[in-house]
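The values are calculated or read from the model by the stated rules, or taken from the named source; none is laboratory data. From a predicted model like this one, the values you see are computed outputs, not experimental measurements. When we count neighbours, we look across all protein chains shown, and the Cβ atoms used for this are built from the backbone with ideal geometry, even at glycine. Accessible surface areas use protein heavy atoms only, side chains included; no ligands, DNA or RNA. Shrake-Rupley method; radii C 1.70, N 1.55, O 1.52, S 1.80 Å.
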Amino acid sequence: MVTFLQQLVNGLTVGAIYALIALGYTMVYGVLGLINFAHGEVFMVGTYVGIYAALALGYEAMRPEAFGPHQALVVMLAAMAGAAMLGLTIERLAYRPVRGAPRLTALITAIGVSLLLQNLGMLVFGADPESFPRIVVERVYDVGGVVVTNVKLLIVAIAIVLVVALELLVHRTWTGKAMRALSFNMGAARLMGIAVDRVIAQTFAIGSALAAAGGILFGLDQSKCDPQMGVLVGLKAFVAAVVGGIGNIRGAALGGLLIGVAEQMTAGYLSADYRDAITFVLLIGVLLLRPAGLLGTVRQEKV
Amino acid sequence: MSRWLRRGAIALLVVALCWGLDRLFEAFLVEYAVRIVIFCGLNAILAVGLNLINGTTGQFSIGHAGFMAVGAYGGAYTVVQLETWLGPSLTALPTFAQQAVALTSGVLVGATVAAIAGFLVGVPSLRLRGDYLAIVTLGFGEIIRLLFNNSETFGGATGYSGGRPLGLTTYTSFFWVALWAVIVVTVVAHLTRSSYGRALRAIREDEIAAEAVGLPTTRLKVMAFVVSAAAAGIAGALFAHLQSAVRPDDFKLDRSVDMIVMIIVGGLGSVTGAVLGGIFVAVTLELFRQWAEYRLVAYALLLVVLMIVRPQGLLGTRELDLAAVGRWWRARRTGGAS
Amino acid sequence: MSGGRPLLELREVHKVFGGLRAISGVSLRIEAGQIFGLIGPNGAGKTTLFNVITGIYRPDGGEVLFDGRPIGGLPPARIALMGIARTFQNIRLIGEMTVRENVMVAGHHRRGVGLLGTVLRTRRWSDGERALRRKADELLEVLGLSALADEQARNLPYGSQRRVEIARALMLEPRLVLLDEPAAGLNSKEADVLKEQIRWLRDTFRLTVVLVEHNMHVVMGVCEHVHCVDHGETIASGTPDEVRNHPAVLAAYLGEPSVAGSGAGS
């Protein structure tokens, strides 16, 4: 039972991070119908921006406790801003020119951007793993044998706040309304006077910022990062979005948690080797049984 | 019957040509350059196979490195078993006969197991919308690699060398690669220039219309996927016997990316374009070996720029043959004259 | 022609899209050899009915019987091969293939050779290809498209594309052809020609024809039976004259004077 609870705690922590990243996939897919393969790399770059921001703010590996919470907040915001800028750049330079093109063209472009960032990352940041600064000093609590840390609690709390904030943004603001209009029918939205380019840019900026937040939390949780970390994490987050029902914010959050818990349980009860495989088993299962995802609705193609 | 006689003659001619080229390369090229031409052939097999599903059928797979791995491990395992079983009666044969027996069995088994893997992956994934397929194949490709990485039978991360200090026997020569390349190109070309080819292109362009004219779209997609996985398996088995061990790291995502670059440079849907793309990748890979870390950056940039500037690739869906070269030449001359 | 088993029968068919009842309880019988018109205002559910019949949508209730066999929910390709061909409202040709290839692709099931034969290019393969080509050329010939056989479909004018779609549908050797707004975009003279063509198609290929059409002149002129739907429900069914003067139909079309207009005209 203790093992189970421990895996559940770990799973929810990782799952919260996946959820944050999944939001970006789901938003972009909802609006553009594009799998933004580069999103995992935006997450990776965001994490690195966080590292450099922490160092710039005077973080010392020897004295992590000297790094104040307000500074940690600045690190997070810097990472989010950096990632948002990267997201905007990608959209402007790579995706906008192929927006009207066949799906396959856009898909290959996205794969290309993903590879480009990944390999540029290796050149710029170096291929070796880097340890993430402990900008929040870890405190360990023992709750009846289950290890809970303040970092884990913080991760889940931040993720909840951001998901709720996004949900409010999408359903309570004009920007959100415009996004939903775009995802419903871009042509009609344009005719209604919605500045399509601007809304798409906002979608990328917000999604990317959330991925960077996920990156900082991932860094805190795993304390390690490398330029290729975006591949697997990005893939899992995408799967989370699909499992939850792509285009659906709550679905992405649910999918993230589900994937996180499933992989921790697999690691705990089966073997750590199959941790990554379970994600795809889940994906295939869900797509075969419920192609629109758990919370998604089927949208039939008009014939 | 004259039809089969004529074909037999062509086959003999092809074999003779491959053999002649093989001798020529061995005699006049340094070992390093021979390796490049061998990789040109391997890449042609990979690209032409992948193009059948990604280009002609429009179902985008980015996990074909996984099928290449299955073919490589399956082929190597078969050959090692065969060598143990036949023992001295195999080594007593002349070199060419050894290659013929061992490599051919390896390639056939490699193709078969890769085709089976392709079927198992294809059946669930090909019911999905095109862009989900990309992700699912990527995932399967990674899973396949991880399975080999964790398999004790296949040596885990250090790779499979048949449990022998000297490792696998290097049977693969230009001759065999060229021969299999001709076979794969012929099979794929015959498929694409037939009722099947029309059906697959119809699926790529409009699945609803394809269904409405009676095409069993899922079955056809699975078929194309299986054939293309088998081609990757053939390349894998040949690749395995080029070196002393098969390593999981040879089948990382980079390998799938190389394949995608091949078919996109050559033109999605063009058989000859895929061959040219394969040669392009093999040559640039070697030319820029010392700047290896920039290679993938350059490839990625190439993909993005090509998609924006010329999404159909260099040849598009056109084929490059003598007639096309003739047309181009005439057009150029009349264009120059007027 | 009446009596006996109808070629196509719908019994209380329902189709719901996320709470919207696109079709609710439509029943109809189409006799073999009939030219059957399906009319109704925009958004009445006509094309949805086509999509249910051809298997693109799975009906949420009711039965679809083709020649007595239930086909509701079967995959579209199965239904097509059973003998139901169609054209699309927004033409769906394969733009980058030639006109001939577009027609030949609908004969894939009659290629007479499997994967292995294709790869080996056996004699059966070449015979099969030749037969498909001959058949496609025949159809293009009777539809007056021979001159365009080697053109890319996307380069054809709209009217010719419609005819290519009909040729492709006939390549399936169907018993029932569903035409979705064949008169769209035609002027009145061309519409008259179309009427003749539809009759001629039915007689030559021994077909049963169902058309969804807004051009009442065509519907009333060629159909032997007309079925009118509105808001997914049947509001009238009968001979053209009965339906034209049916009060419910007139009410449904209020503000769309075409029914009244053509009624007065013929």
**Asked** What is the distance, in nm, between label points placed 7 Å from the Cα along the Cα-to-Cβ direction at B:ARG330 and at A:ALA56?
**Response** 6.4 nm
**Request:** Distance from a point 7 Å along Cα→Cβ of B:ARG193 to each backbone N in the stretch B:271-302: keep the residues under 18 Å and list them by number.
**Result:** B:271-276
**Message:** Can you give me the C-alpha center-to-center distance between the stretch A:116-169 and the stretch A:67-91, rounded to a whole angstrom?
**Reply:** 13 Å
**Fill in**
Partner shielding of C:118-130, as the mean number of partner chain Cβ atoms within 10 Å, equals 3
**Request:** List the lysines whose Cα lies under 27 Å from the Cα of C:LYS15, skipping any in the same chain that are fewer than 8 positions away.
**Result:** A:LYS302, C:LYS46
**Message:** Cut-off 10 angstrom, C-alpha nodes, Gaussian network model of chain A. Which of A:MET186, A:MET85, A:MET62 fluctuates the most?
**Reply:** A:MET62
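So if we plug the beta-carbon distance of A:LEU123 and A:ALA101 into 1/(1 + (r/R0)^6) with R0 = 30 Å, what FRET efficiency do we get, rounded to 0.05? Please report the intermediate quantities before stating the final value.
On the way: r = 29 Å, r/R0 = 0.97.
According to the calculation, E is roughly 0.55.
Partner chain Cβ atoms within 10 Å, averaged over the residues of C:163-169 - can you pull that number for me?
Working: counts 0, 0, 3, 0, 0, 3, 2.
Mean partner shielding for this stretch: 1.
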**Request:** Tabulate in residue order the Karplus-calculated ³J(HN,Hα) for the stretch C:104-115, using 6.51 cos²θ - 1.76 cosθ + 1.60 with θ = phi - 60°, rounded to whole Hz; enter x for Gly and Pro.
**Result:** 4, 4, 6, x, 3, 5, 9, 5, x, 8, x, 4
**Item:** the stretch C:1-151: relative contact order in percent, alpha carbon pairs under 8 Å with at least 6 residues between
**Value:** 18 percent
**Fill in**
With the charge dipole of the protein assembly as shown built from beta-carbon charges (+1 for Lys and Arg, -1 for Asp and Glu) about the Cα centre, the Cα from A:ALA267, B:ILE45, A:VAL75 projecting farthest to the positive end belongs to B:ILE45
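Compute the FRET efficiency between A:ASP197 and C:ALA147 as 1/(1 + (r/R0)^6), taking r as their Cβ-Cβ distance and R0 = 60 Å, and round to the nearest 0.05. Spell out each step's value before the answer.
On the way: r = 45 Å, r/R0 = 0.75.
Approximately 0.85, to the nearest 0.05.
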**Geometric extent, Cα atoms of chain B - Rg, Dmax (angstrom)** = 20.3, 71
**Complete:** Quick shape check on the stretch A:13-161: root eigenvalues a ≥ b ≥ c of the Cα gyration tensor, a/c under 1.5 is rounded, otherwise prolate if a/b tops b/c, else oblate, and it reads prolate
**Dipole moment magnitude, nearest 20 debye, the stretch C:97-172 about Cα centre, only Lys, Arg, Asp, Glu C-beta charged** = 280 debye
**Asked** So how far apart, in nm, are the two label points at A:LEU168 and B:GLU26 if each is 7 Å from Cα heading toward Cβ?
**Response** 7.6 nm
**Prompt:** Want the number for A:HIS70 to A:LEU93: 0.36 nm per residue separation, take away the alpha-carbon distance, what's left?
**Reply:** 4.8 nm
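Between B:LEU120 and B:VAL15, 0.36 nm times their residue separation minus their Cα-Cα distance comes to what? Could the numbers behind the result be given before it?
Numbers: separation 105, 0.36 × 105 = 37.80 nm, distance 3.42 nm.
Residue separation times 0.36 nm, minus the Cα-Cα distance, leaves 34.4 nm.
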**Item:** Among A:MET27, A:MET122, A:MET179, residue whose mean-square fluctuation peaks in a GNM of chain A (springs only between Cα atoms under 10 Å)
**Value:** A:MET122
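If A:ILE158, A:ILE35 are ordered by their accessible area, calculated over protein heavy atoms with a 1.4 Å probe, which sequence runs from highest to lowest?
Largest accessible area first, the residues go A:ILE158, A:ILE35.
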**Fill in**
With +1 on the Cβ of every Lys and Arg and -1 on the Cβ of every Asp and Glu, the dipole magnitude of chain B about its Cα centre, in debye rounded to the nearest 20, is 1060 debye
**Message:** Suppose only helical runs count, i.e. DSSP H with n ≥ 4. What mean residue ellipticity at 222 nm does that imply for chain C under -39500 (n - 2.57) per run, divided by all residues and rounded to the nearest 500 deg cm²/dmol?
**Reply:** -11500 deg cm²/dmol
**Request:** Could you tell me the distance between the Cα centroids of the stretch C:129-160 and the stretch C:96-119, to the nearest Å?
**Result:** 14 Å
**Request:** Check every DSSP H run in chain C and write down those whose alpha carbon atoms cover 18 angstrom or more along the long axis and whose mean Kyte-Doolittle hydropathy is -0.5 or greater.
**Result:** C:158-171
**Label zone at A:ARG190, where the point sits 7 Å out along the Cα-to-Cβ direction: the stretch A:102-119 residues whose backbone N lies under 16 Å** = A:102-103
**Request:** For B:ALA92 paired with C:ASN187, estimate the spin-label separation in nm (one decimal), with each label point 7 Å from Cα along the Cα-to-Cβ line.
**Result:** 8.9 nm
**Asked** Along the charge dipole of chain A, which of A:HIS39, A:TYR95, A:LEU258 sits closest to the positive end, that is, farthest toward it, with unit charges on the beta carbon of Lys, Arg, Asp and Glu (+1, +1, -1, -1)?
**Response** A:TYR95
**Three-way shape call for the protein assembly as shown based on the alpha-carbon gyration tensor, with the a/c threshold at 1.5** = oblate
**Prompt:** At 222 nm, what helix-only mean residue ellipticity would chain A give, in deg cm²/dmol to the nearest 500, using -39500 (n - 2.57) for each DSSP H run of four or more?
**Reply:** -23500 deg cm²/dmol
**Message:** Using a Cα-Cα cut-off of under 20 Å, which aspartates and glutamates could be cross-linked to A:LYS152, ignoring same-chain neighbours fewer than 8 residues away?
**Reply:** A:GLU65, A:GLU138, A:ASP142, A:ASP221, A:GLU263
**Asked** How many Cβ atoms of partner chains, on average, are near each residue of C:98-111 if near means within 10 Å of its Cβ?
**Response** 5
**Request:** Just report the Cα centroid separation between the stretch C:165-180 and the stretch A:242-303, whole Å.
**Result:** 42 Å
**Message:** Defining a contact as two alpha carbons under 8 Å apart and six or more residues distant in sequence, what relative contact order in percent does the stretch A:24-229 show?
**Reply:** 42 percent
**Asked** Taking R0 as 60 Å, what's the FRET efficiency between B:ASN150 and C:ARG5 from their Cβ-Cβ distance, rounded to 0.05?
**Response** 0.45
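For the protein assembly as shown, which whole-number percentage of the solvent-accessible area (1.4 Å probe, protein heavy atoms only) is attributable to carbon and sulfur atoms? Spell out each step's value before the answer.
Numbers: 23860 of 38430 Å².
Carbon and sulfur together cover 62 percent of it.
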